[in-house]
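Heads up: the structure comes next, in C-alpha cells.
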Amino acid sequence: MHGTLRIMGKLVGAPKGHDRYRDPVTHQITPALYRVRQPFFWRNTIAFFIVGAIPLGVYFYTFRKMTDDDFADIPIPPISDEELKKLQSEYEGKNA
C-alpha cells in the first residue's frame, strides 16, 4: 500500500501498482519527482548550511576557548616528598 491513504474505508492516492514518483520496476526516481523537488533545492541547501553552521560554530568556539585556557588560576595543592614518591612508584608499577 505504498503511496496510498485510507480515508473512510476508501483508498486515495496512486492507482494500484503505480507510483507517480518512482519507477515500479527499478524504484528509481522519475523525472516527475525531480520537477517537484526543483523549486525547493536551493532553499533546502541554504537551510542545510545554516542549520549545520550553528553546531559547528558552537564546537569551534568551545574548542578555541578551551585551548586558550592555561589553568594557571587553579592552585595546585601542596604534596609532601613521601607522597610524591609513593605516587611515582604506583605510576611506574602500572606502566611497567
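Residues of region 29-52 being among the hydroxyl-bearing types (Ser, Thr, Tyr), open to solvent by less than 100 Å² (accessible area, probe 1.4 Å) and modelled with pLDDT under 95, which ones?
Within region 29-52, just Thr30 meets the criteria.
Mind checking whether some residue in region 83-93 is in contact with a Lys or Arg (Cβ under 9 Å, 6 or more places away or on another chain) and assigned to a helix (DSSP H, G or I)?
The answer is no; no qualifying residue exists.
Six or more apart or on different chains, Cβ under 8 Å: which pairs go from a residue in region 35-60 that's free of Cβ contacts under 8 Å to residues at least 24 places away in the same chain to one that's of a type outside the set (Val, Ile, Thr)? Could you list them?
Close Cβ pairs satisfying both conditions: Val36/Tyr21.
Within region 18-43, can you find the residues that are in a helix (DSSP H, G or I) and charged (D, E, K, R)?
Arg35, Arg37, Arg43
The values are calculated or read from the model by the stated rules, or taken from the named source; none is laboratory data. Being a predicted model, the structure only gives us computed values, none of them experimental. Cβ sites come from the backbone with ideal geometry, for glycine too, and all protein chains shown count toward neighbours. In case anyone asks, the SASA skips ligands and DNA or RNA and just uses the protein heavy atoms, side chains included. Shrake-Rupley method; radii C 1.70, N 1.55, O 1.52, S 1.80 Å.
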